[in-house]
Amino acid sequence: MIESIGDETVLFCLGFKIKEEYSAAYVQNVLEGFGDIVVQALDKHFIADTEHARLILLQAFEAFKRGLYVAKKSRVDILLKFLCTKKIETALKDAFPADNVKEFVLAGFGSREKVVEMVKFLESLGAFDEKILEPSREKLEFLIRYHGLSEDEVKNYGVGKILCDKSAAVFSKYYKLKSSASTL
């Protein structure tokens, strides 16, 4: 999924299969140098579907524009939003792909030009696979268990919608506190 949200800005959430000799940590380190792009590698199980990813990335982008971060690196805030937590250590431990994981997600936003450049570069390290983003029973069961969602919630609203709302609620409290502290 790549979606324009402004003149030159795009959101992206891409399934990626990395070659055996590389790891998500290697990709994350390399992508740090791309400038004008915020990108985070994360475990594919934390993405309910592309709509869930799109809404979480919109939240992250809006916070980024306003300079509202929990972490020192804005890319880590993407991870925090997908996990609906402000606990950086927990998010990194739970959702950053381990070295032996060869299928993961790259999620973020940035200028269209830099995203295209990133995609071309990454093709030398592996292959993009949108099937990684597709909903599955395994992913949904994982998300329900991880976030402690009830059957009624899931039946009435859907996992992705619940997680987007939960993320917004977790961070709106933090942003209100941060905003009021800066006006004192």
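The values are calculated or read from the model by the stated rules, or taken from the named source; none is laboratory data. This structure is a prediction, so every number in the text was calculated from the model and none was measured. Cβ sites come from the backbone with ideal geometry, for glycine too, and all protein chains shown count toward neighbours.
Please find, among Lys120, Lys93, Lys72, the residue that is surrounded by fewer than 18 Cβ atoms within 10 Å (Cβ to Cβ), not in a helix (DSSP H, G or I) and not aliphatic (A, V, I, L, M).
Lys72
Inside segment 151-184, can you point out the residues that are modelled with pLDDT of 85 or more and not in a helix (DSSP H, G or I)?
Hit for segment 151-184 is Gly158, nothing else.
When you go through Lys139, Lys131 one by one, which is the residue that is under 18 Å from the mean Cα position of the chain (by Cα), of a type outside the set (A, V, I, L, M) and surrounded by 16 or more Cβ atoms within 10 Å (Cβ to Cβ)?
Lys139
Would you pick out the residues in segment 8-36 that are among the β-branched types (Val, Ile, Thr) and farther than 24 Å from Lys72 by Cα?
Across segment 8-36, the qualifying residue is only Ile18.
Is it the case that Gly126 is under 17 Å from Thr9 (Cβ atoms), surrounded by 13 or more Cβ atoms within 10 Å (Cβ to Cβ) and touching a Lys or Arg at 6+ places or on another chain (Cβ under 9 Å)?
No, not satisfied.
Read through the list (1) within 20 Å of His147 (Cα to Cα); (2) modelled with pLDDT of 95 or more; (3) aliphatic (A, V, I, L, M), then give the number of the only condition that Val76 fails.
(2)
Is it the case, given these coordinates, that Val30 is of a type in the set (A, V, I, L, M), farther than 15 Å from Val10 by Cβ and more than 14 Å from the chain's Cα centre (by Cα)?
Yes.
Can you pull out the residues in segment 17-43 that are buried (at least 22 other Cβ atoms within 10 Å of the Cβ) and touching a Phe, Trp or Tyr at 6+ places or on another chain (Cβ under 7 Å)?
Ala24, Ala41, Leu42
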